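Working notes for the structure below.
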Amino acid sequence: MPPLDLDIGLGTSGLDDPDECTDTVAAALAAGYRHVDTAQMYDNEAAVGEGLARVFADPNRDVDREDVVVATKVHPDNLAPDDVRETARESLDRLGLDRVDLLYVHWPIRTYDAAETLPVFDELREAGLTDHVGVSNFTPDLLREAREILDSPIAAHQVECHPRFQQPELRELAADFDHRLVGYSPLGRGEILDDPALVEIAERNDTAPAVVALAWSLARDVVPIPKATGDHVRENLQAREFELSASDLDAIDALEPGDRKIDPDDAAWNR
Ligand code: NAP
């Protein structure tokens, strides 16, 4: 299997209205996105699948299944071996696909047991249901443990990452372990976009703060997966062409870290 080629992706958490989700995925692919991120938890895999199918079937769009990285994640409640097997197949059914490119462990909590859970991800990869195995929200120690247990290489580690939460240790580990770091909430859930430093850089360069934040991720070898709707979908793609100067990159690197936006101790994760 060739290494996973990951470009900026469309995040879909919060695309709860099925029609809006389908339209947004289709618009993103039409605009040039080739990576779509969903999860069992988002309850929108079917709507995501409809958006993909609409574009694959469109004779005016030259987008094939092989052109797009489709990623989903197994819910923390479904990480016992039989549940991984069963629910991964259900995810594929909802997505309308016979394989995904990347199947993640969503969060190593609740039913996660490294020795029990991870061999099933190998099994699903061997059976062709996913091309690659990913993990999300792992600590350095949990990453090391997973690498020892898995036969498959870890293709991607997905964690919160943005200019106010830069994940230096996990970025370094990604380089050492040769996996991609995928940055979720790359816009800090929209809450970092009025940061004076980002606003100043954006104004000086006649672009949007979101583009500055995403360009920082790309420059730091982090694959951002912004969730967006409407005009923001196309705007965010401008980050691919926008190059930050070395001094602007340094200024963003030096920003004070803020609080993480997704709290692992949140009751919603630890019921
Ligand atoms: P995010 O992408 O940082 O921020 C999304 C917010 O930013 C939305 O309110 C969106 O509003 C706004 N936005 C997007 N583009 C904008 C632009 N150009 N200008 C102004 N506002 C803009 O937050 P996120 O949804 O938490 O993270 C992104 C994706 O990461 C998720 O969708 C999901 O796929 C993934 N994720 C994974 C995990 C995990 O545990 N693995 C956790 C959280 C998220 P509009 O909708 O109005 O555009």
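The values are calculated or read from the model by the stated rules, or taken from the named source; none is laboratory data. Quick caveat, the model's predicted, so the values are computed rather than measured. Counting neighbours? That spans all protein chains shown, and the Cβs are built from the backbone with ideal geometry, glycine included. Accessible surface areas use protein heavy atoms only, side chains included; no ligands, DNA or RNA. Shrake-Rupley method; radii C 1.70, N 1.55, O 1.52, S 1.80 Å.
Would you mind stating whether D82 is more than 26 Å from L181 (Cβ to Cβ) and either within 15 Å of the ligand (Cβ to nearest atom) or buried (at least 23 other Cβ atoms within 10 Å of the Cβ) (or both)? Even if it seems obvious, please write down each step before you answer.
Values: more than 26 Å from L181 (Cβ to Cβ): yes; either within 15 Å of the ligand (Cβ to nearest atom) or buried (at least 23 other Cβ atoms within 10 Å of the Cβ) (or both): no.
Judged against the criteria, D82 is not a match.
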Within region 1-49, count every residue that is touching a helix residue (DSSP H, G or I) at 6+ places or on another chain (Cβ under 9 Å), over 23 Å from G128 (Cα atoms) and acidic (D, E).
-> 5
Read through the list (1) touching a Cys at 6+ places or on another chain (Cβ under 9 Å); (2) outside any helix (DSSP H, G or I), then give the number of the only condition that M1 fails.
-> (1)
Given the conditions (1) part of a loop (DSSP other than H, G, I, E, B); (2) open to solvent by 70 Å² or more (accessible area, probe 1.4 Å); (3) over 23 Å from G11 (Cα atoms), report the number of the one that E203 does not fulfil.
-> (1)
Of the residues S217, S247, which is modelled with pLDDT of 95 or more and closer than 21 Å to A71 by Cα?
-> S217
Considering only region 23-48, state which residues are in contact with a Lys or Arg (Cβ under 7 Å, 6 or more places away or on another chain) and closer than 15 Å to G9 by Cα.
-> A26, A30, A31, A39
Members of region 99-145 found to be outside any helix (DSSP H, G or I), more than 15 Å from the ligand (Cβ to nearest atom) and in contact (Cβ under 8 Å) with a residue 12 or more places away in the chain, listed by number = R99, T111, D113, G128, L129, T130, D131, H132
Of the numbered conditions (1) assigned to a helix (DSSP H, G or I); (2) open to solvent by less than 10 Å² (accessible area, probe 1.4 Å); (3) within 14 Å of the ligand (Cβ to nearest atom), A27 fails exactly one; give the number of that condition.
-> (2)
Going through region 210-232 in order, the residues found to be part of a helix (DSSP H, G or I), near the ligand (Cβ under 9 Å from one of its atoms) and surrounded by fewer than 21 Cβ atoms within 10 Å (Cβ to Cβ) are D231, H232
For the subset of region 97-142 comprising residues that are in contact with a Phe, Trp or Tyr (Cβ under 7 Å, 6 or more places away or on another chain) and of a type outside the set (S, T, N, Q), which member is surrounded by the fewest Cβ atoms within 10 Å (Cβ to Cβ)?
-> I109
Among the numbered conditions (1) loosely packed, with under 14 Cβ neighbours inside 10 Å; (2) closer than 17 Å to A28 by Cβ, tell me where Q238 comes up short.
-> (1)
What's the number of the condition D19 fails, among (1) open to solvent by less than 70 Å² (accessible area, probe 1.4 Å); (2) in a helix (DSSP H, G or I)?
-> (1)
Of all residues in region 148-173, count the ones that are in contact with a His (Cβ under 9 Å, 6 or more places away or on another chain) and either among the aromatic types (F, W, Y) or open to solvent by 60 Å² or more (accessible area, probe 1.4 Å) (or both).
-> 1
